[in-house]
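The values are calculated or read from the model by the stated rules, or taken from the named source; none is laboratory data. The structure displayed is predicted, hence computed values, not measured ones. Please note: Cβ atoms are built from the backbone with ideal geometry, for glycine as well, and neighbour counts cover all protein chains shown. Just so you know, the surface numbers come from the protein's heavy atoms only, side chains and all, with ligands and any DNA or RNA stripped out. Shrake-Rupley method; radii C 1.70, N 1.55, O 1.52, S 1.80 Å.
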Amino acid sequence: MKKANMLILLGFLSFGVIGSAKTIKTFDKKNYAIEIASKKEGLISEAENKVLDTTQNQLAVKNVTDDEGTGRETENLLGKRRKKVTEKTQAGEKSVKKSFWSKILNRKKSDKNETWKLVWDDEFDSNSLDTSKWSYWGDNNVPWNAGNYLDENGNLVDQSGFKVKHYYLKDNVKVKDGNLVIEVKKENNKTVNIDGKQRRILYSSGAIHTKGKFSVQEGKIEMRAAMPKGVGTWPAFWMWPEWYSQGTNKLADGEIDIFEIYGSDLSRVTGTAHVLKTTENRYEMFDKDDEKIKKSEDLTKFNTYAVEWDSKEIKWLFNGRVYKKRTMKEMEKKAGRNPYNQPYFIMINVALENQTGSDGDVDFPTEMKVDYVRVYKKVK
């Protein structure tokens, strides 16, 4: 009886070992496939592995009785598991990103807690230029001469220092329909008084400035304007130190070009900082990183241009987008000085490059329109 029982027990044990071996072999195969797939996807954490282990054990047991069916179910379950893990991972990433940017934005708001306060502006809502705020460029050569002209032999006299073709006239500056308008004309027999002699000019334009009437040291200086058309047109919104004028017989130690627009390429906006080098009588120009405008934007329509200037850096903006930054440390390192620790006055003009009219693609007269100029200071 004992012998018979023993044989029966040995039989059951042998059957169990064979069945167990088959189960382990099948389990390892499926487990390996799942682990490899999971590692490739990079989606399974240690906690999720525990869940998968349970799933794998269940699949292995089922495989003992139905290999083909388990293969399909393994694939389906693994696919569902991957999808769920992927969704959770993506959701987690979005949550982390959102949380990260929320912290940055909240920190900026809480740490800086600054607002811009309007301290000076001209909305150009009157019928003429407000001369309590602006002066015409060129009066008594302030801040510089009025432009270039032809001598008695018909040669261009380059008193501006670069061969531009314009000469600034007061009559080309008007305020109408809520805008400052600077008109640019091609002239035929127009003459101007130069040292008591009548000299002919090729083109007339206009320019104004705030020297002696308003200056600003740090802040946000902004303009909304529409640019003139044509190759060679060169409108600008820029700043010089308050002390600087042609009569000083020196170069300005700094210059801020809030924008320069070149009529030959109306797809970009240029903002520049100029720093006079301490070791050389020339400017270090920080003029890279132009703004490439969007296809939906048109510089001949109204757009907003600005700089935000503080003790650490100058930022250039187009339609509210910051497209360029230059730090005071960077400029001081390359040029040997920081000229932006002093007040600057504002200038608006339309120059004409030497190429103007050479290929006949400028439809004169053309004009620049300015909706407003505003200056803000930070208030904490």
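Details
- So Asp265, is it modelled with pLDDT under 95 and of a type in the set (Asp, Glu): yes
- Segment 124-159, residues that are touching a strand residue (DSSP E or B) at 6+ places or on another chain (Cβ under 9 Å), surrounded by fewer than 16 Cβ atoms within 10 Å (Cβ to Cβ) and farther than 16 Å from Ile201 by Cα: Asp125, Ser126, Asn127, Ser128, Asp130, Lys133
- Residue selected from segment 160-190 under the condition farther than 26 Å from Val231 by Cβ and assigned to a strand (DSSP E or B), by the criterion least open to solvent (accessible area, probe 1.4 Å): Val175
- Hits in segment 214-251 (condition: assigned to a loop (DSSP other than H, G, I, E, B), touching a Leu at 6+ places or on another chain (Cβ under 8 Å) and surrounded by 19 or more Cβ atoms within 10 Å (Cβ to Cβ)): Met227, Gly232
- Residue in segment 256-296 that is surrounded by the most Cβ atoms within 10 Å (Cβ to Cβ), counting only those that are among the polar types (S, T, N, Q) and touching a strand residue (DSSP E or B) at 6+ places or on another chain (Cβ under 9 Å): Thr272
- Matching residues, segment 305-315, being open to solvent by 30 Å² or more (accessible area, probe 1.4 Å) and hydroxyl-bearing (Ser, Thr, Tyr): Ser311
- Neighbours by Cβ (under 8 Å, 6+ apart or cross-chain): first from segment 233-248, in contact (Cβ under 8 Å) with a residue 40 or more places away in the chain and over 16 Å from Gln217 (Cβ atoms); second basic (Lys, Arg) and open to solvent by less than 50 Å² (accessible area, probe 1.4 Å): Ser245/Lys211
- For Val362, the conditions (1) closer than 25 Å to Ala146 by Cα; (2) modelled with pLDDT of 95 or more; (3) surrounded by 14 or more Cβ atoms within 10 Å (Cβ to Cβ) all hold with the exception of (2).
- Residues within segment 118-177 that are without any contact (Cβ under 8 Å) to a residue 60 or more places away in the chain, over 21 Å from Thr191 (Cα atoms) and of a type in the set (Ser, Thr, Tyr), tallied: 3
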